[in-house]
Amino acid sequence: MKTKIQRINPEMFQDEELSEACEILRRKGLVAFPTETVYGLGGDAMHPEAAAKIYAAKGRPSDNPLIIHIAGIDDLYNIVAEVPEKAKKLAEAFWPGPLTMIFRKQRQVPYSTTGGLDTVAVRMPSHPVAMELIRQSGVYIAAPSANTSGRPSPTKAEHVIEDLDGRIDMILDGGMVGIGLESTIIDLSDKEPVILRPGYVTRNMLEDVVGEVQVDPAVANRELNPNIVAKAPGMKYRHYAPKGQLTIVEGESDAVVEKINALVAEHLKEGMKVAVIATEETKDQYAQGVVCSIGSRKNEGSIAAGLYDMLREMDHLGAQYIYAESFENDSLGQAIMNRMLKAAGYHLIKV
Ligand code: TXA
Ligand code: MG
């Protein structure tokens, strides 16, 4: 299959520029498109045929459900069985935006989209291209992140091309996304709201709107614990992983630097290719290896935005061992650490 790559300027585009993409979606084809979080791989959520193509293109296990993207609140009532009061409040506060909510599904939502579950994940994205694509196509778009299963999510079109060129009909290239980490997922299908995946919308932000919110134990988990099974099926898989072995070193800054320097020196002696994911604050303290700064600790937003690109860069460098500093496990740092721990397969050294 030849993948058509079409540029689009999110700040200024004509409706007609999306005509072909809409046409592809209506005939159950696949279009990768930018959202404010990461690029999505879109297909018609209400047709099992499209979902099957999504799973095939990504190499994704078909028990891992997809998020349905909608453009207006009315659409929600067409796909979910019930909208709890708390969900209404959250929608008002955070939609359109980087929040996904889980509801009990209506019968016509196919099990192929929900991975066999009776619940369905729904999100209203704020990215103008995503919004207009849903609106203009008239399709509820099922969209996982547009990466090969297991690889870091794509934050620019080049990442999508790297993974899916030749496997999907079209890629809408809207440049770099803003947030860079996938949406926060909150389950509202049960009595108590539970965060299944941390993201840009933090627990505090959610609690300000609906009161107490639980966090799935698998989210806060710092070790790979076989006794804790993630409620979001996708969270149980190894994810976001670079090809080299990533290890996160946690502790007081000077001790972390010292430890990483020692580990790098050891691997270099063995003739390995080693990289360090440092921060602006520490990058000059690393003596050897390929040292990359992921940004300043004063701006966690920019660290989140650049994380996946950095993990992919590690592959381009051919790094066999990668050492990264850790981040605070609160607010946006919680989402950053959650993704980094998964990318590292929970290799964490405390100093
Ligand atoms: O920001 C995002 O959410 C991006 C953009 C494209 O919108 N999408 C995304 O999709 O990250 P994906 O498929 O990579 O991640 C969806 C996650 C998976 O972990 C999946 O298991 C979980 O959502 N999920 C989907 N439906 C669910 C359900 N009914 N119950 C529990 N978890 C669900
Ligand atoms: Mg994904």
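Values quoted throughout were computed directly from the atomic coordinates according to the rules given, and no laboratory measurement underlies them. In this text, all values refer to a predicted model and were calculated from it rather than measured experimentally. Cβ placement follows ideal geometry from the backbone for every residue including glycine, while neighbour counts extend to all protein chains displayed.
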Q.
Viscosity 1.002 mPa s, temperature 20 °C: what is the translational diffusion coefficient of region 60-205 from Stokes-Einstein with a Kirkwood Rh over Cα pairs, rounded to a whole number of µm²/s?
A. 135
Q: Based solely on C-alpha atoms, express the radius of gyration and the Dmax of region 288-334 in angstrom.
A: 11.5, 32
Q.
Pairs of alpha-carbon atoms within less than 8 angstrom and 6+ residues apart define the contacts here; what relative contact order does the chain have, in percent?
A. 19
Q: Take the cross-link list 273/350; 89/191; 28/58 and give me the ones stretching past 21 Å between alpha-carbons.
A: 273/350
Q) Short version: ³J(HN,Hα) in whole Hz for each residue of region 158-166, in order, from phi by Karplus 6.51 cos²θ - 1.76 cosθ + 1.60 (θ = phi - 60°), x for Gly and Pro, what are they? A) 4, 5, 5, 4, 3, 8, 10, 4, x
Q | Amide H partners (placed H, <5 Å) of residue 5, local residues excluded | A | 171
Q: Compute from the Cα atoms of the chain the Rg and the Dmax, the latter being the longest Cα-Cα distance, and quote both in angstrom.
A: 20.1, 62
Q: Work out from phi, with θ = phi - 60° and the Karplus expression 6.51 cos²θ - 1.76 cosθ + 1.60, the ³J(HN,Hα) of each residue of region 206-214, listed in order in whole Hz, and give x for Gly and Pro.
A: 5, 5, 4, 9, 10, x, 4, 10, 8
Q: Identify all aspartates and glutamates with a Cα-Cα distance to residue 88 below 17 Å; exclude those on the same chain that are fewer than 8 residues away in sequence.
A: 74, 75, 187, 190, 192, 207, 208, 212
Q.
Please list, ordered by chain and number, the residues whose modelled amide H lies under 5 Å from the amide H of residue 290; skip anything fewer than 5 residues away on the same chain.
A. 274, 275, 276
Q. How much net charge surrounds residue 13 when only other residues with a Cβ under 10 Å from its Cβ are counted (Lys, Arg +1; Asp, Glu -1)?
A. -4
Q) What ³J(HN,Hα) values, in whole Hz, does the Karplus curve 6.51 cos²θ - 1.76 cosθ + 1.60 give for region 335-341 when θ = phi - 60°, with x put for Gly and Pro? A) 5, 4, 5, 4, 5, 5, 4
Q | Nonlocal amide H pairs with residue 197, under 5 Å, H built at 1.01 Å | A | 185
**Q.** Most fluctuating residue given options 271, 166, 295, as computed from a GNM of the chain linking Cα atoms under 10 Å
**A.** 271
Q.
Can you compute the helix-only [θ] at 222 nm over the chain? Use -39500 (n - 2.57) per DSSP H run of at least 4 residues, normalise by all residues, nearest 500 deg cm²/dmol.
A. -10000 deg cm²/dmol
